[in-house]
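Note sheet for the following structure.
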Amino acid sequence: MNTPCSTRLVSTAAEYAAIAQHWKAQKVALVPTMGALHEGHAALIRKARELADVVVVSIFVNPLQFGPQEDLSRYPRQLEKDMALCDSLGVDVVFHPSVEVLYPNGMDNLTRVIPPSQLTDGLCGAFRPGHFTGVATVVLKLFNLLRPELAVFGEKDAQQLAVIRQMVADLHVPVEIVPCPTVRDVDGLALSSRNAYLQSAEEKRAALLLIRILREVREAALQVSEPLPARETLDSVSQRVIADFRQQEGAAVRFEVQYLEAVDAQTFAPATVLKPGVKLLMAAYVNQVRLIDNLDI
Ligand code: PAF
């Protein structure tokens, strides 16, 4: 016999409001997700559980943040498994709305939150036009519908976290943003729902190049007393690590760096030298799978 799930699954704002009215003065934490939950999400949920009385997880694959050529239709969806994980972690409510519930008037004439270009022109924003507008808009909608006191976001999506923080500050949104460190597997690969696309052992080994490159750049930066120039160091370390990989593995797997940058960890302005306070960020393709990662110096 299946044990009953004590996590409530709701799909409309009215259902949610009916439950939330009983929470009175309790502190509510939200963990916004697109589902396909893994240990990285579990860490966000545990953090929310520590800090609040009531934990709400939203699961919504947000069409507004996907470009026309991106993986919206094949993004992994596994509600039953996600519910079981949420239940095991003591989540009170999973909010799983349809596109019609979140975008009742469609997406064409929608009021949107446009984050400042200073934060979104570079890095992922340069390759995913409109992505952060889609993220900021849906997150503000979720905050308005679900009314959490705090919301937990992973540091793996560093640019997203910066965008959300700035939105909350600029628009006086009364939600505390709590960051949570990236969770990695034993080999160092940052956990991501998109890792599910990595099929072969070769692809998985290629995926480890992101963290290898980031760690080697950080080590190089920390070994010297004078700060190293950012661009030259990023380029020379990544070329060396990729060449080593090619020598061992051949060219069977495509590994293509989309960007590898150093920025000020607070402002996200480009950094010219590598020193503490600088964040290294990277996106790369392993065959057709786009992965991102980042590391602080
Ligand atoms: O990080 C994600 O999973 C998504 O971008 C978010 C924050 C849930 C918005 O759709």
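Summary of values
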| item | result |
| --- | --- |
| Meets criteria (touching a strand residue (DSSP E or B) at 6+ places or on another chain (Cβ under 6 Å), more than 20 Å from residue 41 (Cβ to Cβ) and modelled with pLDDT of 95 or more) for residue 206 | yes |
| Every pair of residues 6+ apart whose Cβ atoms lie under 6 Å, when the first sits in the range 125-151 and is under 14 Å from residue 111 (Cα atoms) while the second is open to solvent by 10 Å² or more (accessible area, probe 1.4 Å) and more than 14 Å from the ligand (Cβ to nearest atom) | 133/114 |
| Candidate set from the range 47-85 (those that are of a type in the set (S, T, N, Q) and surrounded by 14 or more Cβ atoms within 10 Å (Cβ to Cβ)); member that is farthest from the ligand (Cβ to nearest atom) | 78 |
| Qualifying residues in the range 96-114 (those that are outside any helix (DSSP H, G or I) and within 13 Å of the ligand (Cβ to nearest atom)) - the one farthest from the chain's Cα centre (by Cα) | 103 |
| Members of the range 241-266 that are in contact (Cβ under 8 Å) with a residue 24 or more places away in the chain and within 27 Å of residue 224 (Cβ to Cβ) | 241, 242, 245, 257, 259, 260, 261, 262, 263, 265 |
| Criterion violated by residue 93 - all others in (1) of a type in the set (Val, Ile, Thr); (2) within 13 Å of the ligand (Cβ to nearest atom); (3) in contact with a Lys or Arg (Cβ under 6 Å, 6 or more places away or on another chain) satisfied | (2) |
| Only listed residue being modelled with pLDDT of 95 or more and surrounded by fewer than 18 Cβ atoms within 10 Å (Cβ to Cβ), chosen from 17, 36 | 17 |
| Residue in the range 171-194 that is assigned to a helix (DSSP H, G or I), away from the ligand (no atom under 14 Å from the Cβ) and not basic (Lys, Arg) present | no |
| Answer from 284, 243, 251, 265 - the residue that is of a type in the set (Gly, Ala, Ser) and in contact with a helix residue (DSSP H, G or I) (Cβ under 7 Å, 6 or more places away or on another chain) | 284 |
| Given (1) out of contact with any Phe, Trp or Tyr (no Cβ under 6 Å at 6 or more places or on another chain); (2) farther than 30 Å from residue 26 by Cβ; (3) open to solvent by less than 20 Å² (accessible area, probe 1.4 Å), index of the condition residue 127 fails | (3) |
| Residue list for the range 115-163, filter: charged (D, E, K, R), away from the ligand (no atom under 14 Å from the Cβ) and touching a strand residue (DSSP E or B) at 6+ places or on another chain (Cβ under 9 Å) | 147, 149 |
| Selection from the range 267-294 of residues that are open to solvent by less than 50 Å² (accessible area, probe 1.4 Å) and under 25 Å from residue 226 (Cα atoms) | 268, 269, 271, 273, 274, 277, 278, 279, 280, 281, 282, 294 |
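This table checks each residue for (1) of a type outside the set (Lys, Arg); (2) at pLDDT 95 or above; (3) more than 21 Å from residue 257 (Cβ to Cβ); (4) open to solvent by 30 Å² or more (accessible area, probe 1.4 Å).
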| site | (1), (2), (3), (4) |
| --- | --- |
| 148 | yes, yes, yes, no |
| 157 | yes, yes, no, yes |
| 165 | no, yes, yes, yes |
| 183 | yes, yes, yes, yes |
| 216 | yes, yes, no, yes |
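The values are calculated or read from the model by the stated rules, or taken from the named source; none is laboratory data. It should be emphasised that the depicted structure is a prediction, and the values quoted were computed from it without experimental measurement. Cβ atoms come from the backbone with ideal geometry, glycine included; neighbour counts cover every protein chain shown. These accessible areas exclude ligands, DNA and RNA; they are computed on the full protein's heavy atoms, side chains included. Shrake-Rupley method; radii C 1.70, N 1.55, O 1.52, S 1.80 Å.
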